[in-house]
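Down below is the structure, laid out as structure tokens.
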Amino acid sequence: REAEPYYLLLLRVSYLTLVTDKVKKHFLRVMKAEDVEEMWLEYEGTPLKWHYPIGVLFDLHASNTALPWNVTVHFKNFPEDDLLHCASNSVIEAHFMSCIKEADALKHKGQVINDMQKKDHKQLWMG
């Protein structure tokens with residue numbers, strides 16, 4: 001069976017994998033359990049890298065298209081050569097913090113992140 005489209009309004013600074021649970025739940029209603037493997041997303045034949053923010057992905061692949069941005073969801077044939085696996089949301093958070101630390105090191109020699117407490121790091125991620 002074919003599923004109804006699923007629409008989300010997402011922040012440009014967020015990551016697609018943070019909403020995959022909602023997307024997966026929507027599509028699993030019309031799928032057989034044996035047809036479900038690791039979920040991945042693509043746009044016009046190009047797999048979308050989970051570790052890039054949504055805004056960067058949109059600007060790279062679809063900035064000249066009208067909204068809504070139509071992304072295809074796949075549950076089979078994960079493109080091992082093109083995408084990294086994302087085991088959990090903690091992997092996304094660790095990647096985000098790594099990028100923040102790298103940017104801070106380049107701009108402020110790491111002083112901003114080093115002066116922050118662990119709770120401040122968590123608050124930054126939750127923001």
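The values are calculated or read from the model by the stated rules, or taken from the named source; none is laboratory data. Fair warning: this is a prediction, and the values are worked out from it, not measured in the lab. We place every Cβ from the backbone using ideal geometry, glycine too, and count neighbours over all the protein chains shown. Areas reflect the complete protein model, heavy atoms only, side chains present, ligands, DNA and RNA absent. Shrake-Rupley method; radii C 1.70, N 1.55, O 1.52, S 1.80 Å.
Values for this structure:
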item: Region 88-126 versus region 34-49: alpha-carbon centroid distance in Å; result: 28
item: Chain lengthening between D21 and L9 when straightened (0.36 nm per residue, less Cα-Cα); result: 2.8 nm
item: Evaluated over region 16-74, the Cα radius of gyration and Dmax, each in Å; result: 12.4, 37
item: Dipole in debye (nearest 20) - region 55-122, about Cα centre, beta carbon charges: Lys, Arg +1; Asp, Glu -1; result: 300
item: Listed values (i) 16.8, 54; (ii) 27.7, 83; (iii) 13.9, 46, entry calculated as Rg and Dmax of the Cα atoms in Å; result: (i)
item: Accessible carbon and sulfur surface of region 1-85 relative to its total accessible area, %, 1.4 Å; result: 53
item: Residue-count net charge about I113 - beta-carbon cut-off 15 Å; Lys, Arg +1, Asp, Glu -1; result: +1
item: Per residue accessible area of the chain, 1.4 Å probe, in Å²; result: 73
